[in-house]
Amino acid sequence: SQAASALQQATKPNSYREDEYAKVDWDNLGFGITPADFVYTMKCSIDGKFEQGELAPYGNVELSPSAAVLNYGQGLYEGTKAYRTDDGRLLLFRLDRNASRMKMGADRLCMPCPSIYQFVDAVKQTALANKRWTPPPGKGTLYIRPLLMGSGPILGLAPAPEYTFLIYASPVGNYFKEGLKPLSIYVEDEFHRATRGGAGGIKSITNYAPVLKAMARAKSRGFSDVLYLDSANKKNLEEVSSCNIFLVKGNVISTPATNGTILPGVTRRSIVEIARDHGYQVEERAIPLDELMDADEVFCTGTAVGVAPVGTITYQDRRVEYRVGEESVSRELYSILEGMKTGVIEDKKGWITEI
Ligand code: COI
């Protein structure tokens, strides 16, 4: 069939040629969905064993109206990016981290999960099959979105009788419409993102719709996003809707510790390690809001967001401005991380997988 021969062509190793790009306006990519050709799907029944997965053309998913994911939110997602190098290779970053985070989340939501090997192999297959949708170097990345969901039908509250792991992909550019401009963040003092003992520390789909209201409110007032505070005391920093947060004071870089209410970001972890390697003192701990307001510099990290400088933070009627630009710590760390991800800086950490 046409799909089969397109797939065969797309997955041929070293098939890169200049003319093998999808028709996309590479100069105007935002963070919107531009579906790439193939979706990877792998199913599993209640025995917990995932079968052989397969790539098929992008299209709608068929689900029972009583699927657990639709009714009770039994679902997880992940996010990772493929980078195209100048010489046409595809690079993937720390996939094992996404794979093990999905395992952790699956355990919390009573779902079986693909093995680390199955996860990594499936992401590689998906990236390779959709290679022509990977933007040219410097124009963006192929964002890869694995999902794990209770797809089987259920009415009483219980784990689903069947699970689906699927992966789709889309070329993307900058996450925020501000592009690379510093973000203006509003400190949310009514709503919370997560509570102790809840699901804030896993990438549950249920963590994301509840932030929309606060985000929409802040966006309508001209802010880029909101920062959440801990729900117990409304005092310590948690995270931003779509990313983790860091602050810089002198030579010390701090970020909230992952204590179950904060998403353990792959970019967060990587920036902590890179900063330590480059002589910064890095602290993962509880950070009171006062300290944030007193920082030299603030930045956000995430797979989608990258390393995004924060220009201003607003809390109630207080507004603080921070250092941004060439001389900033976030710029330094971002350059190193991007250099590694794009193959420009040698990967001495074993973080990069080439496919
Ligand atoms: C990512 O950074 O990849 C995420 O999953 C965050 C999402 C809100 C885009």
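The values are calculated or read from the model by the stated rules, or taken from the named source; none is laboratory data. Owing to the predicted nature of the structure, the values given are computational and were not obtained by experimental measurement. Cβ atoms come from the backbone with ideal geometry, glycine included; neighbour counts cover every protein chain shown.
Would you call Ala194 of a type outside the set (Val, Ile, Thr), surrounded by 21 or more Cβ atoms within 10 Å (Cβ to Cβ), in contact with a Ser or Thr (Cβ under 8 Å, 6 or more places away or on another chain) and more than 16 Å from Val305 (Cβ to Cβ)? The answer is yes for Ala194.
Among the residues of the stretch 132-151, those identified as among the hydrophobic types (A, V, I, L, M, F, W, C) and within 22 Å of Ala106 (Cβ to Cβ) are Ile144, Leu147, Leu148, Met149. Among the residues making up the stretch 227-268, those that are within 15 Å of the ligand (Cβ to nearest atom), closer than 18 Å to Tyr334 by Cα and of a type in the set (Ser, Thr, Tyr) are Ser242, Thr267.
Scanning the stretch 209-218 for residues that are surrounded by 15 or more Cβ atoms within 10 Å (Cβ to Cβ) and either within 16 Å of the ligand (Cβ to nearest atom) or among the hydrophobic types (A, V, I, L, M, F, W, C) (or both) returns Val211, Ala214, Met215, Ala218. Report yes if some residue within the stretch 91-106 is part of a strand (DSSP E or B), in contact with a strand residue (DSSP E or B) (Cβ under 6 Å, 6 or more places away or on another chain) and more than 15 Å from the ligand (Cβ to nearest atom); otherwise report no. Checking the stretch 91-106: at least one residue is part of a strand (DSSP E or B), in contact with a strand residue (DSSP E or B) (Cβ under 6 Å, 6 or more places away or on another chain) and more than 15 Å from the ligand (Cβ to nearest atom).
Exactly one residue out of Gly152, Gly173 is under 18 Å from Thr41 (Cβ atoms) and surrounded by fewer than 24 Cβ atoms within 10 Å (Cβ to Cβ), and it is Gly152.
Only one of Ile154, Ile185, Ile205, Ile167 is in contact with a Lys or Arg (Cβ under 9 Å, 6 or more places away or on another chain) and either away from the ligand (no atom under 16 Å from the Cβ) or of a type outside the set (Gly, Ala, Ser) (or both). Can you tell me which? Lay out the reasoning, then the answer.
Details: Ile154 fails: in contact with a Lys or Arg (Cβ under 9 Å, 6 or more places away or on another chain); Ile185 fails: in contact with a Lys or Arg (Cβ under 9 Å, 6 or more places away or on another chain); Ile205 fails: in contact with a Lys or Arg (Cβ under 9 Å, 6 or more places away or on another chain).
Answer to the check: Ile167.
Remark: Thr314 matches the filter, which requires a residue to be more than 16 Å from the ligand (Cβ to nearest atom), modelled with pLDDT of 95 or more, under 20 Å from Arg193 (Cβ atoms) and part of a strand (DSSP E or B).
This table checks each residue for (1) under 30 Å from Val123 (Cβ atoms); (2) within 23 Å of the chain's Cα centre (by Cα); (3) surrounded by fewer than 20 Cβ atoms within 10 Å (Cβ to Cβ); (4) not polar (S, T, N, Q).
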site: Arg285; (1), (2), (3), (4): no, yes, yes, yes
site: Leu292; (1), (2), (3), (4): no, no, no, yes
site: Cys300; (1), (2), (3), (4): yes, yes, no, yes
site: Tyr315; (1), (2), (3), (4): no, no, yes, yes
site: Arg323; (1), (2), (3), (4): no, no, yes, yes
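When you scan the stretch 192-202, how many residues do you find that are away from the ligand (no atom under 16 Å from the Cβ) and either on the phi < 0 side of the Ramachandran plot or touching a helix residue (DSSP H, G or I) at 6+ places or on another chain (Cβ under 8 Å) (or both)?
Pass one, the stretch 192-202, residues away from the ligand (no atom under 16 Å from the Cβ): 192, 195-198.
Retained after the next criterion (residues that are either on the phi < 0 side of the Ramachandran plot or touching a helix residue (DSSP H, G or I) at 6+ places or on another chain (Cβ under 8 Å) (or both)): 192, 195-196, 198.
Result for the stretch 192-202: 4.
Within the stretch 107-119, restricting attention to residues that are crowded, with 20+ Cβ neighbours inside 10 Å and of a type in the set (A, V, I, L, M), the residue that is farthest from the ligand (Cβ to nearest atom) is Met111.
Looking at the structure I just gave you, is Thr141 within 16 Å of the ligand (Cβ to nearest atom) and either at pLDDT below 95 or farther than 20 Å from Met42 by Cβ (or both)? Yes: the conditions hold for Thr141.
Test Thr134 against the criterion of being surrounded by 19 or more Cβ atoms within 10 Å (Cβ to Cβ), of a type in the set (Ser, Thr, Tyr) and on the phi < 0 side of the Ramachandran plot, and give yes or no. Working first, answer last.
Working: surrounded by 19 or more Cβ atoms within 10 Å (Cβ to Cβ): yes; of a type in the set (Ser, Thr, Tyr): yes; on the phi < 0 side of the Ramachandran plot: yes.
Yes: the conditions hold for Thr134.
Could you count how many residues in the stretch 329-355 are under 10 Å from Leu91 (Cβ atoms), outside any helix (DSSP H, G or I) and in contact (Cβ under 8 Å) with a residue 60 or more places away in the chain? Matching residues across the stretch 329-355 total 7. Listed by first and then second residue, the pairs linking a residue in the stretch 23-36 that is within 20 Å of Ala129 (Cα to Cα) to a residue that is polar (S, T, N, Q), with Cβ atoms under 7 Å apart and 6 or more places separating them unless they lie on different chains, are Val24/Thr34; Ile33/Ser170; Thr34/Ser170; Pro35/Ser170; Ala36/Asn130; Ala36/Ser170.
Looking across the stretch 63-90, the residues that are in a loop (DSSP other than H, G, I, E, B), more than 13 Å from the ligand (Cβ to nearest atom) and under 19 Å from Ile202 (Cα atoms) come down to Gly73, Gln74. Within the stretch 246-296, being farther than 24 Å from Asn98 by Cα, part of a helix (DSSP H, G or I) and not aliphatic (A, V, I, L, M) holds for Asp290, Glu291.
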